[in-house]
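Student: Handing you a structure now.
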Amino acid sequence: MIPPTWRYVWNNSTDPRVVRAHTLADAALAARPRVTLSRSHGPGPVLAYGGLPHGLTHVLPFLEQRRGTASHHTRRGTTWADLLHGRAAPVADILAVGMLRDRAPAQLPRHSLLLPFRVTLAVPVGPDPQDVLGRLSRKARQQHARELRSHRRTLEVAAGEDDFASFYDGMHRPTMANRHGDAARSEDRDSALLCLFRRGVLFFLCESGRRVAGMLCRLEGRTLVVRLAGVARGDDQAYASGTYLAMYVLILQWAAEHGLTRVDLSGCEPFLSKGIFQFKRKMHPEVALPGNHFTGKRLMLRVRRDSPSVRDFLAANPVLAFGPEQGFEAVYFHDEDRPPRLDLRWNCPGVRGQRLVHFDDFLAGLPDTARQPPAVHPNLP
């Protein structure tokens, strides 16, 4: 059995030696790639994912969640040639291929976009805690100040293992189960205790002295890395009341007061419809490639068929793609019936700008089903 500390380092370390070893292991593991076909029990495009196994936990579940309804999977072996040429899943409407950077084609195939596999979001902090508030919009600042007073919110730093148990068992696990169900991803208890709690800081947000939320962070030099979070009993009401925003703001201010220079808010998949991205964007973080093994992974999104459900799905889920210059660009699909989802905003350092892509141009030449009026977008906020 692999010790929790080794497993944590393997998955999260930014040490170039660990990253290089992980990349070599990924290449060996994906030498014989597989492709997973995902059909919906309701409306929505047929999805497929192939390539690096990480995509079965990081990419495909998110795409299925955005499509909505239950999914049925079939898996089979394939080849990299068939994945890169779009032949690996002939019945798929949209094919996502996770690959190492060296496999990414120099010239992208038609009807394709190249995305980062994941992005990380981080906030630089200076010596003045009040500068943190300047990163928020005026509306968010006003809400934070108002609720800080009305809820009598304070930040507590806890150090006992009973505090860790209270957080992990009473906040984090119930929140993950409530929010993500079977798709939840997290650190196991031993890893969280040894690699996070004993090497970091456990925060509780208190309202009138009562703990209502918690966040477990790791200290890495002068960087505070946000790793696990949760609210008491996994209660949904906390999300609507601004609890998480208050906790992030107070932690950013704590980091400034204690001489830290950066707070890593952790990362997410490269889709603007990802709720985590839209929430953390409120703090105006820098968007970049992760420093761990995900830095060398890429995601090619390839459309294989033009249909109303494909257009609905792509319009509802704009992406962060590699732009012509350094950094990323936000890509919004649209046509006369589907306006670009500009309400899903991208404005952060590291994202250079936006590009509007008309479906008729992007999908020209693909097999085309009969045009229909647009369906209701799945899972819109």
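The values are calculated or read from the model by the stated rules, or taken from the named source; none is laboratory data. Worth saying up front: this structure is predicted, and the values here are computed from it rather than measured. Neighbour counts are summed over all protein chains in view; Cβ atoms, including those assigned to glycine, are modelled from backbone coordinates with ideal geometry. Quick note on the areas: whole protein, heavy atoms, side chains included, nothing else; ligands and nucleic acids left out. Shrake-Rupley method; radii C 1.70, N 1.55, O 1.52, S 1.80 Å.
Student: Ignoring ligands, DNA and RNA, what percent of the accessible area of the chain is carbon or sulfur (1.4 Å)?
Tutor: Values: 9220 of 17720 Å².
On the chain, the fraction of accessible area on carbon and sulfur atoms equals 52 percent.
Student: Could you work out the local net charge near residue 191, counting Lys and Arg as +1, Asp and Glu as -1, over the other residues with Cβ closer than 12 Å to its Cβ?
Tutor: Net of charged neighbours comes to +3.
Student: While we're looking at this one, here's another question. Counting only heavy atoms of protein chains, what accessible area per residue, in Å², does segment 106-262 have with a probe of 1.4 Å?
Tutor: Dividing the accessible area of segment 106-262 by its residue count gives 48 Å².
Student: Nearest 10 degrees is fine. How inclined is helix 243-257 to the longest principal axis of the chain, computing both from alpha carbons?
Tutor: 60 degrees
Student: Given +1 on the Cβ of Lys and Arg, -1 on the Cβ of Asp and Glu, and no further charges, what dipole in debye does segment 1-137 carry about its Cα centre, rounded to the nearest 20? Numbers along the way, then the final one.
Tutor: Working: 16 positive and 8 negative charges, 103 e Å.
Charge dipole of segment 1-137: 500 debye, to the nearest 20.
Student: Here is a further query. Expressed in nm to one decimal, what extension gain is obtained for the pair residue 190 and residue 360 from 0.36 nm per residue of sequence separation less their Cα-Cα distance? Intermediate results must be reported in sequence, preceding the final value.
Tutor: Numbers: separation 170, 0.36 × 170 = 61.20 nm, distance 5.19 nm.
Net length gain for the segment: 56.0 nm.
Student: Could you work out the helix-only [θ] at 222 nm for the chain, with each DSSP H run of four or more residues adding -39,500 (n - 2.57) and the total divided by the number of residues, to the nearest 500 deg cm²/dmol?
Tutor: That comes out to -7500 deg cm²/dmol.
Student: For residue 323, what is the net charge nearby, where nearby means another residue's Cβ is under 15 Å from its Cβ and Lys, Arg count +1, Asp, Glu -1?
Tutor: That sum, taken over residues with Cβ under 15 Å, equals +1.
Student: Please compute one quarter of the surface area of the Cα convex hull for the chain and express it in square nanometres.
Tutor: For the chain, the mean projected area of the Cα convex hull comes to 19.3 nm².
Student: Moving to a separate point now. Around residue 210, under 13 Å between beta carbons, what's the net of Lys plus Arg minus Asp minus Glu among the other residues?
Tutor: Summing Lys/Arg as +1 and Asp/Glu as -1 gives +1.
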